[in-house]
Structures are given as structure tokens and as C-alpha cells.
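Novice: One structure follows; several queries about it will come next.
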Amino acid sequence: MSSQPLFACGMAFLFLCAMPARVYCRASRPNEENRASASQASKAGARKQGAPAKQSSPEEELQQAINDAGNDRVALVRNLEAFLKKYPGSRQRPQIYRALVEANLQLRDKARAADYAERLVALNPDDISITILTIQLLEQNGGEAGLRRAANYATRVLEFVERSSPEEKSPKISQEEWATERKRDRMSLLALRGRLEMKLQDTAAAQKDFEASYAILPSATAAEQLGEIAELKKDLKAAIQQYARAFALADAVSASPGRREIRQKLGNVWRLARGSDIGLGEYLLLTFDDLSQANSAVKPRKNADAREPSEFTLRKAPEGTPFPLKDVKGKVLVVNFWATWCGPCHALEPQFARVAAEFQGNPDVLFLAANCDEDESLVAPYLEADKPHTAVVFADGLDRLLAINAFPTVIVIDRDGKIAYRSDGFEPLTFEQDLLAAVRRALAGANNSAAGDGFTP
């Protein structure tokens, strides 16, 4: 569920119209050669004139009902409803209901559209898009009974979203994107249900839902509604706080409340509490700064205090098991920094693995492939498909210490903690030979840096 339309009503009508029609042909006029046989057929037909005409099938009648309506939406609704009255158990009901929803929406008969949308939900309770449309139609149509049904539908969709798991996501999106979208869905559904509860005058339930929605993802909609609830309770301090948040969060997006309207509400409660507008501007700026700081908060940097590789604790990829480098001091460390989206990294990996295999069993050298993806959820499927032969870890700030700005980058750190070799990118024809020689020099204790300098621990 997203801000994009959830249900393309026009496609339903096209689906119905695309149902195969039975082709009817007229017999051609008999020529001279076949006049006799035509005469005999005519006589045979005359003998059968008293036989009853063949009845049309329900599918043929449905097609005829659609053809007779043409482009007239009123006639289409009338014909389809007549068909349903005659064949209430038709297997085509889902498609017919969708066509009736679309036609009634075009005719701006929202009550009728809501009725058929609810019938669709009854047939297909797992159809989330039509359920959302039904909620919207019931809310617009009003009426306490309809609002209560809409709130129940919102609860059903919310429970569906909360039950969803990453295993059900599309392989085209990452787990991080899936989690973000799930948060947005939960935020929106809680706010939607809260709005319905407000219309049903269930203020306590509405406040609970708006608070939960805001906690998941702060929004101007939830903050404004919480401001209105606080104002109803004559809690002016809370109303000022929530209206100020709503004002700071509101933007040009059509789904967000307008700043002008929120500003008027905020001004009213501020004057009730303070007697004038003095201080309101400063309060708004402070609120805006607080929200901006909270929204732009970055994740704490891993190994932020580490000054040399041996002080780092990395994590094995993809499971995240701690991988401390405390024992690397005095040894040679060879690290291939890579990312899942990097094509050359994929090409380099088998060459890097062959060099690592040359030193297999040597306790004085450690080969690592350090992943630098921002979205770590992409790593597991990549490793499952690629199956690298060297130990894979998350870089966890080691790339920051060594100033990695391009991928792939391979670095050799000698026994003294100095950079003995650095390759930004790689030359396929000479990479293995160059890296092999660099590792051997580092193991021998030679400190001639191919990069020209080292880094300060």
C-alpha cells in the first residue's frame, strides 16, 4: 500500500468487455447449384418451426447486456444489475461487481459504489486494494453504521500488514525498503482508523491510534488530530505542542494538512493560553529545530573510537556475529573492500581468492572481504548466489579509517600497521601477481609501501 492509487477501476470494466463474444453468422444465399438442397433444408426447417428456440447461456446474456449498454454507464449499471437479479450466483460476480464499482464512481454514485465494493470484499477478503477503496467510500458516504464497518475493515488491513514478514516481500526490493514501507503503511492505517474513530466520537480510541501512528513515523496529520483532541480536552499546553509539530511537519504534499489552517488553530490556542501572539514565532522555530534534529539523526558510527585495525570489532556477513581484530597486531592484514552493486568487485573476487589460497594455513596473514553496502540486507542474497571463498565481514568503519573512496579497493597492512600496498580498482592481467608479491614482502617485514605512505594509528 502506498500513496499511489490502489485500485485501477477502469481495468475492471475493460476486463468484462474483453470477455469473448459468441460469433453469430447469417447463412449465405443459396446459389443455383445448391438450390435443391436449400429447398430441402427449408422444408426441414418448416417442419421444425414449432420447436422452441435455443436458450442463450448466462455468459451470452452477460455479453449481450454489455453490448447493449455501449458507452452508456447508466445503461451498463441497469443491465448488469438485471443480470445479477436473474443470476445471483453467477461465477462472474467479482468482475461484475468491479465493473459496477467503476461505473458508479464515474456516475458519482458513491453510495452504490460502496455497496458493490463491500460485496467484493465479502468475496475476496484478502484483496487489500479493494478493501482500502471500500474504507474510503464508506467514509465519504457517512453514516454511523458505514463508519463502523470502515473502521473494522481498517483493523483487518492493519492486522494483515502487521502479520506480514520479510519472506513475503518482492525480491526486487531490499529488506530495508520493505521495512520502511511497512512502517509507512502502519502509520497511515492507524491514522486512517483514528480519523474514523473521531467521526464516531470515540475520542479515547482515536487518541490512542494517532499517538501510535505518530510514534511509528511523525506526520502532520497525526499531530494535528492530537492537537484537536487536546483542544477538546482544554489541554492548551498539549494542543500548542501538537499544532506546532503539525505546522513544522506540514509541506506541499497534497496529503498533508495545509500550514495556513494549522497556523490558525495554533494561533487560537496560543492566544487563549498566553493572551497574545508574543513568543509564538520563537516557539515554532524551536519546534522545527527539534523535529529536524530528530529526523536527521544518523546511526551511531561503528568503531568510532578505533584508531588502528587491531582496535576494530567487525561483524561476520551476513549473520552479524562479532569478528574482533584484536589479534591482528603484528600480523599482515589483507582486505578487499567491495559492494554488491560493484561489477568490478565481482570480477576481482576469484583472483583475490586465489591469492588468499596461496597463504592458506599461514597464521601470520589474514585475508578479509569487507562489504561496504549501506543497505546490509542486500548482502545475504548476494553471498548466497556468489559464494566467495574468503571470509566476508561488514566494513564497520574500517573503510573510513583507510579512506576507501572507490570499489574495489584492496589494501595490505604490514606487521607494523602501515599500508604496504593499495590498489584502487584493479588490472586483471597483473593483479594476482602484484598482490602476491606485496603480501610476501609484508610477511618478510619489508615496509616499502606501494602507496607511498601509511596512515597514523
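Novice: Out of curiosity, is Glu144 open to solvent by less than 30 Å² (accessible area, probe 1.4 Å) and closer than 18 Å to Gly194 by Cβ?
Specialist: It is false that Glu144 is open to solvent by less than 30 Å² (accessible area, probe 1.4 Å) and closer than 18 Å to Gly194 by Cβ.
Novice: Of the residues that make up the stretch 159-167, is at least one assigned to a helix (DSSP H, G or I) and either of a type in the set (Ser, Thr, Tyr) or closer than 22 Å to Lys110 by Cβ (or both)?
Specialist: No: zero hits.
Novice: Do you know which residues across the stretch 313-371 are in a strand (DSSP E or B) and either farther than 16 Å from Ala442 by Cβ or open to solvent by 70 Å² or more (accessible area, probe 1.4 Å) (or both)?
Specialist: Thr313, Leu314, Arg315, Lys316, Pro322, Phe323, Pro324, Phe337, Trp338, Ala369, Ala370, Asn371
Novice: Within the group Pro88, Pro94, which residue is surrounded by 14 or more Cβ atoms within 10 Å (Cβ to Cβ) and either modelled with pLDDT of 50 or more or of a type in the set (A, V, I, L, M) (or both)?
Specialist: After applying the criteria, what remains is Pro94.
Novice: Ok, one more. Give the residues of the stretch 286-312 that are outside any helix (DSSP H, G or I) and open to solvent by 70 Å² or more (accessible area, probe 1.4 Å), sorted by residue number.
Specialist: Ser296, Ala297, Val298, Lys299, Pro300, Arg301, Lys302, Asp305, Arg307
Novice: Now, a different point. Is it fair to say Ala113 is modelled with pLDDT of 95 or more, part of a helix (DSSP H, G or I) and among the small types (Gly, Ala, Ser)?
Specialist: No, not satisfied.
Novice: Within the stretch 193-205, can you find the residues that are surrounded by 24 or more Cβ atoms within 10 Å (Cβ to Cβ) and out of contact with any Phe, Trp or Tyr (no Cβ under 8 Å at 6 or more places or on another chain)?
Specialist: Selection gives Arg193, Leu196.
Novice: Anything in the stretch 52-84 that is small (Gly, Ala, Ser) and surrounded by fewer than 12 Cβ atoms within 10 Å (Cβ to Cβ)? List them, or say none.
Specialist: Ala53, Ser57, Gly70
Novice: (1) surrounded by fewer than 15 Cβ atoms within 10 Å (Cβ to Cβ); (2) closer than 16 Å to Arg193 by Cβ; (3) touching a Phe, Trp or Tyr at 6+ places or on another chain (Cβ under 9 Å): which one isn't true of Thr134, the others all being true?
Specialist: If we test Thr134 against (1) surrounded by fewer than 15 Cβ atoms within 10 Å (Cβ to Cβ); (2) closer than 16 Å to Arg193 by Cβ; (3) touching a Phe, Trp or Tyr at 6+ places or on another chain (Cβ under 9 Å), just (1) comes out false.
Novice: Please give the strands (runs of 3 or more DSSP E) falling wholly within the stretch 387-431 in which 2 or more residues are under 14 Å from Ala339 (Cα atoms).
Specialist: 391-394, 409-413
Novice: Quick check on the stretch 322-338. Is at least one of its residues more than 26 Å from Arg415 (Cβ to Cβ) and out of contact with any Cys (no Cβ under 6 Å at 6 or more places or on another chain)?
Specialist: So far as the stretch 322-338 goes, no, none of its residues is more than 26 Å from Arg415 (Cβ to Cβ) and out of contact with any Cys (no Cβ under 6 Å at 6 or more places or on another chain).
Novice: Give the stretch 252-261 a look and list any residue that's open to solvent by 50 Å² or more (accessible area, probe 1.4 Å) and at pLDDT 70 or above, or say none.
Specialist: Arg259, Arg260, Glu261
Novice: Checking Ser170 against (1) open to solvent by less than 60 Å² (accessible area, probe 1.4 Å); (2) out of contact with any Asp or Glu (no Cβ under 7 Å at 6 or more places or on another chain); (3) in a helix (DSSP H, G or I), which test does it fail?
Specialist: (3)
Novice: Can you tell me which residue in the stretch 54-75 is farthest from Asn104 (Cα to Cα), limited to those that are free of Cβ contacts under 8 Å to residues at least 40 places away in the same chain, assigned to a helix (DSSP H, G or I) and out of contact with any Phe, Trp or Tyr (no Cβ under 6 Å at 6 or more places or on another chain)?
Specialist: My answer is Glu60.
Novice: A further question on this structure: Which residue pairs have Cβ atoms closer than 7 Å, lie 6 or more positions apart in sequence or on different chains, and pair a first residue in the stretch 382-409 that is of a type in the set (S, T, N, Q) with a second residue that is open to solvent by less than 50 Å² (accessible area, probe 1.4 Å)?
Specialist: Thr390/Phe352; Thr390/Ala353; Thr390/Ala356; Thr390/Phe367; Thr390/Leu368; Thr390/Ala369; Thr409/Phe337; Thr409/Ser423
Novice: Quick check: is even one residue across the stretch 217-230 free of Cβ contacts under 8 Å to residues at least 12 places away in the same chain and either part of a loop (DSSP other than H, G, I, E, B) or open to solvent by less than 50 Å² (accessible area, probe 1.4 Å) (or both)?
Specialist: no
Novice: I'd like to know if the stretch 123-131 contains one or more residues that are open to solvent by 60 Å² or more (accessible area, probe 1.4 Å), farther than 30 Å from Leu76 by Cα and assigned to a helix (DSSP H, G or I).
Specialist: No - not one qualifying residue is present in the stretch 123-131.
Novice: In this structure, is Ala239 in contact with an Asp or Glu (Cβ under 6 Å, 6 or more places away or on another chain) and over 25 Å from Val161 (Cβ atoms)?
Specialist: So Ala239 fits the description; yes.
Novice: Please indicate, with yes or no, whether at least one residue in the stretch 262-285 is in a loop (DSSP other than H, G, I, E, B), in contact (Cβ under 8 Å) with a residue 12 or more places away in the chain and exposed (fewer than 15 other Cβ atoms within 10 Å of the Cβ).
Specialist: no
The values are calculated or read from the model by the stated rules, or taken from the named source; none is laboratory data. As the structure is a computational prediction, the values presented were derived from the model and not from experiment. Here Cβ is always computed from backbone atoms with ideal geometry, including for glycine, and neighbour counts include all displayed protein chains. These area figures cover heavy atoms from the full protein model, side chains too; ligands, DNA and RNA do not enter into them. Shrake-Rupley method; radii C 1.70, N 1.55, O 1.52, S 1.80 Å.
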